[in-house]
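Please treat every number below as a calculation from the coordinates, not as lab data. All figures in this text were calculated on a predicted structure; none of them were measured in a lab. Positions of Cβ are generated from backbone atoms using ideal geometry, with glycine treated the same way; all protein chains shown enter the neighbour counts.
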Amino acid sequence: GAVVSQHPSRVICKSGTSVKIECRSLDFQATTMFWYRQFPKKSLMLMATSNEGSKATYEQGVEKDKFLINHASLTLSTLTVTSAHPEDSSFYICSASPGTVERAFFGQGTRLTVV
Amino acid sequence: AQTVTQSQPEMSVQEAETVTLSCTYDTSESDYYLFWYKQPPSRQMILVIRQEAYKQQNATENRFSVNFQKAAKSFSLKISDSQLGDAAMYFCAYRRDNDMRFGAGTRLTVKP
């Protein structure tokens, strides 16, 4: 089956620094990528959707300047958490889809801890 | 924005028995896709089953089947012959184009 690789799986950073999370589709071209945030024992909350070569579409309440999403190629999307704070600590999951009607394939997730 | 509702935070089933997880959704669209994903403790999202809204026939994948009621906007998941490995969080999801949303999840426990 299709594989989506998300890296890193865990990261600890200091408050005020930025951290980048990568999401790669390894064996297909991802027209669309989704970024989710998942709190403990909670559901996946959609943060933004990105299409290759276009600006990401952010959900209401998600700060665009804080969560920078770049979908520069058909196989790579990045989420950069800028000026991270402890409240940004969470589990972030990406998913990639080869089309608008296809199933989405999920990365392994990234556990971000801001200290 | 579309909403997906899972009204059962937790469910329990005896091994080898059958359990049904509920999901309802709200949309004004006629063409869309519905999914059930499983999230084990590893937190890797695993696709269980997929249903196209334009198909009347309910999707089936081995022990997993759905009851898709389009008019009622209901999409329940039936797990037959439950196995210990089925224990996980189950999320119902709706997708149309660039909009993909999840329900709150149901934690399934399988008792030996």
Taking neighbour Cβ counts within 10 Å as the exposure measure, how do B:L21, A:L74, A:L112 sort from fewest upward? A:L74, A:L112, B:L21
From fewest to most C-beta neighbours within 10 Å, the residues B:M100, A:M45 line up as A:M45, B:M100
Could you work out how much longer the chain between B:E29 and B:T60 gets when fully extended? Use 0.36 nm per residue separation minus the Cα distance between them, nm to one decimal. 8.8 nm
Could you give the length gained on full extension between B:K78 and B:I46, defined as 0.36 nm per residue of separation minus the Cα-Cα distance, in nm? 9.9 nm
Which of the lysines could be linked to B:K111 by a straight reach, that is with a Cα gap under 30 Å, when you skip same-chain ones fewer than 8 residues away? A:K41, A:K42, B:K38, B:K78
Selected from A:K66, A:K14, A:K41 as most flexible by GNM, with chain A as the system and alpha-carbon contacts under 10 Å: A:K41
At 0.890 mPa s and 25 °C, plugging the Kirkwood radius over alpha-carbon pairs of the range B:1-94 into Stokes-Einstein gives what diffusion coefficient in µm²/s? 180 µm²/s
Under 16 Å Cα to Cα from A:K66, which lysines show up? Leave out anything in the same chain fewer than 8 places away. A:K14, A:K20, A:K55
